[in-house]
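The values are calculated or read from the model by the stated rules, or taken from the named source; none is laboratory data. Just so it is clear, the structure is predicted and the values come from calculations on it, not from any experiment. Heads up, the Cβs are rebuilt from the backbone with ideal geometry, glycines too, and the neighbour counts pull from every protein chain shown. Please note that ligands, DNA and RNA were not included when accessible areas were found on the heavy atoms of the full protein model with its side chains. Shrake-Rupley method; radii C 1.70, N 1.55, O 1.52, S 1.80 Å.
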Amino acid sequence: MSRSLVIIGGGVAGLAAGCYAKMNGFDVEIHEMHHQPGGLCTAWNRSGYTFDLCIDWLTGSAPGSGLYPVWEELGIVQGRKFIDPEYFGITLDETGDRFTAWTDPDRLMQEMLRIGPEDEKFIREFVSGIKRLMKVEMPIDSGLAALLKFLPALGTYNKYSVPVSTLTERITNPRLREFFRNTYDWHDQSAIFLMFMLAYMARRSAGYPLGGSVPLVRAMEQRYLSLGGLIRYGSKVAEIMVENGRAAGIRLQDGTAVRSDLVLSAADGYSTIFRWLPGNYADPRIQELYRTLEPYPPLVFVSMGVNADYSKEPWTLSFPLKHPIRIGEKEVTRLLVRNHSRDPSMAPRGKSVFTTPIETDYAFWEGIPYHSDHYRTEKDRLCKEVPAALEEVYPGIRDQIEVTDVATPHTFIRYTGNWKGSYEGWLMTKKTMNLRFPQKLRGLSGFYMAGQWVSPGGGLPGAATSARSAIKLLCKDEKRSFVTQTA
Ligand SMILES: Cc1cc2nc3c(=O)[nH]c(=O)nc-3n(C[C@H](O)[C@H](O)[C@H](O)COP(=O)(O)OP(=O)(O)OC[C@H]3O[C@@H](n4cnc5c(N)ncnc54)[C@H](O)[C@@H]3O)c2cc1C
């Protein structure tokens, strides 16, 4: 008889875990609280416009990358058209001068030299670091073989295992330093993580999949269903059942018990460990990680449907605000705008979609009850202030906006359950870069974890590869050899 596995969460990690578990002969049932798959990898429609939350690039989108076979196994790259970005971002300063962060390393070098010729040594080293990383693979498996493949990049890895902010301080030209900071420096992000990303882009292997997040996820859902998997939507998990130190299934919010031989959580890490297994298997190390590490902050995500063609404008633009936007205690002085015109499926012909992910304080939103008058007032204010900010770079756009949609940390929690509304799990810092998160909990057998909360830095690669390694681990425990198949 095949062994049964219940998976909590139908995001990318849950679907991927489902695919790998089916390839290895388990009876699998995914329980997803929402009525559709994808979790954070999602989009929604408003009056003919598609507001895509997630996908800017899929790392490993081109054959030859070590990640590509994973995407093939999960059935999401076959037949899909990718657009490789010419630039990582365009950044404006207070004078209106612009910095284009080209994905081609030589063009990037020229652009950096144009602004800060006195930083030639720094620039050349940075660009050669990217070029060196283009020749290696981010390891998707642990073990000696993966390590050996990674050896040529070890020098670069060590040199750039510092926060981007530390790297930025080495730049002497103040304009270049500001451009570099405003383009590449998010929080305490590790420089090597950024450079790996730039190396994938330079290799043209971090493309934007035409159609966006939803078709990608639907292809993975289809792959899972075609392997014989089951998925239950609108099925909210409230507890992981444990019997004699072994996971025995799940209990749903409506009280239904679903028994299984094995359980894998591919949903929020905090809820899994501290709510559904109420802290009983959180050893001191896990408690310390959750107490000390920082998640990516939550977002206010403003989407706008615009009745005008902006397809000639940059796909992403960062610019300083003449009139800062205040959200709680925080003053937003710079806006990052994504223009989705490179994908014609996002808006009716001749129209455009802009989205702005704005990082915000969780504590502020936590203090405002969902759907209260205060909440509505805040949303209404952002509906006015964000288009007014866009007006600073695109005069006239405010009057062309037909639809505005504001998602807040409450929205993220409601639809994905992520802790503190985080949009990508743990921040990728110098500390988390080398941290291995446990995918099993000490004292609890038959239980596994996958997804962005066990894979710092989040993202679709982390979600998929952590699912793959969780099922590999599960196969080992079940004394089966792990197998995969390409779709
Ligand atoms: C603005 C933005 C841009 C991004 N851009 C990119 C990008 O360009 N490239 C990239 O690789 N990544 C990107 N990401 C990150 C990526 O979307 C996430 O890291 C990834 O989708 C996380 O997948 P996951 O399956 O681990 O978690 P989630 O997507 O959070 O999935 C968890 C699932 O569990 C379900 N769940 C939660 N609680 C329960 C419960 N009680 N019962 C049942 N089900 C439950 C949720 O509904 C959800 O479907 C972006 C994210 C955001 C927000």
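Tabulated data
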quantity: Modelled FRET efficiency - R0 30 Å, ASP106 with ARG285, Cβ distances, 0.05 increments; calculated: 0.10
quantity: Kyte-Doolittle at least -0.5, axis length at least 24 Å by Cα - qualifying DSSP helices, the chain; calculated: 459-477
quantity: Segment 278-400, relative contact order in percent, only Cα pairs under 8 angstrom and at least six apart counted; calculated: 28
quantity: Cα shape, segment 20-113, gyration tensor, a/c 1.5 rule; calculated: oblate
quantity: Relative contact order (%) - the chain, alpha-carbon pairs under 8 angstrom, separation at least six; calculated: 23
quantity: Extension gain (nm, one decimal) between CYS383 and GLN253, 0.36 nm per residue minus Cα-Cα; calculated: 43.4 nm
quantity: Segment 101-203: relative contact order in percent, alpha carbon pairs under 8 Å with at least 6 residues between; calculated: 35
quantity: Built amide H within the under 5 Å cut-off of GLY211, gap 5+; calculated: SER345
quantity: Accessible area (Å², per residue) of segment 374-487, counting only protein heavy atoms and a probe of 1.4 Å; calculated: 43
quantity: Semi-axes of the equivalent ellipsoid for the chain, Cα gyration tensor, largest first, Å; calculated: 36, 27, 22
quantity: Amide H contacts under 5 Å for THR316, placed H, 5+ residues apart; calculated: ILE90, ASN339
quantity: Solvent-accessible surface ranking, highest first, for TYR160, TYR87 at 1.4 angstrom; calculated: TYR87, TYR160
quantity: Among 350-358, 291-299, 3-11, the order from most to least packed when residues are scored by Cβ within 10 Å on average; calculated: 3-11, 350-358, 291-299
quantity: Accessible area in the full protein assembly, largest first, 1.4 Å probe, for TRP315, TRP57; calculated: TRP57, TRP315
quantity: C-alpha center-to-center spacing [segment 170-205, segment 286-305] in angstrom; calculated: 21
quantity: Using a Förster distance of 56 Å, the FRET efficiency for ARG442-GLU125 (Cβ separation, nearest 0.05); calculated: 0.85
quantity: Extension gain from ASP97 to ARG46, taking 0.36 nm per residue of separation minus the Cα-Cα distance; calculated: 14.9 nm
quantity: Probe 1.4 Å, protein heavy atoms only - accessible area per residue of segment 20-129 in square angstrom; calculated: 38
quantity: Gyration tensor verdict on segment 299-407 (Cα atoms; rounded if a/c is under 1.5, prolate if a/b is larger than b/c, oblate otherwise); calculated: prolate
quantity: Distance in nm between pseudo-label sites at LYS135 and SER311 (7 Å out along the Cβ direction from Cα); calculated: 4.1
quantity: Helical mean residue ellipticity (222 nm; -39500 (n - 2.57) per DSSP H run of 4+; nearest 500) of the chain; calculated: -10000 deg cm²/dmol
quantity: THR333 versus THR166: modelled label distance in nm, points set 7 Å from Cα along the beta carbon direction; calculated: 2.5
quantity: Share of carbon and sulfur in the accessible heavy-atom surface of segment 299-407 [1.4 Å probe, %]; calculated: 49
quantity: Estimated FRET transfer efficiency when R0 is 56 angstrom, pair ASP373-LYS149 (beta carbons, to 0.05); calculated: 0.45
quantity: Rg/Rh (Cα only; Kirkwood hydrodynamic radius) as it applies to segment 101-203; calculated: 0.99
quantity: Order of exposure, largest accessible area first, which applies to ARG124, ARG342 with probe 1.4 Å; calculated: ARG124, ARG342
quantity: Rounded accessible area of ARG246 (nearest 10 Å², 1.4 Å probe); calculated: 80
quantity: Portion, in percent, of the accessible area of segment 1-157 that falls on carbon or sulfur, probe 1.4 Å; calculated: 55
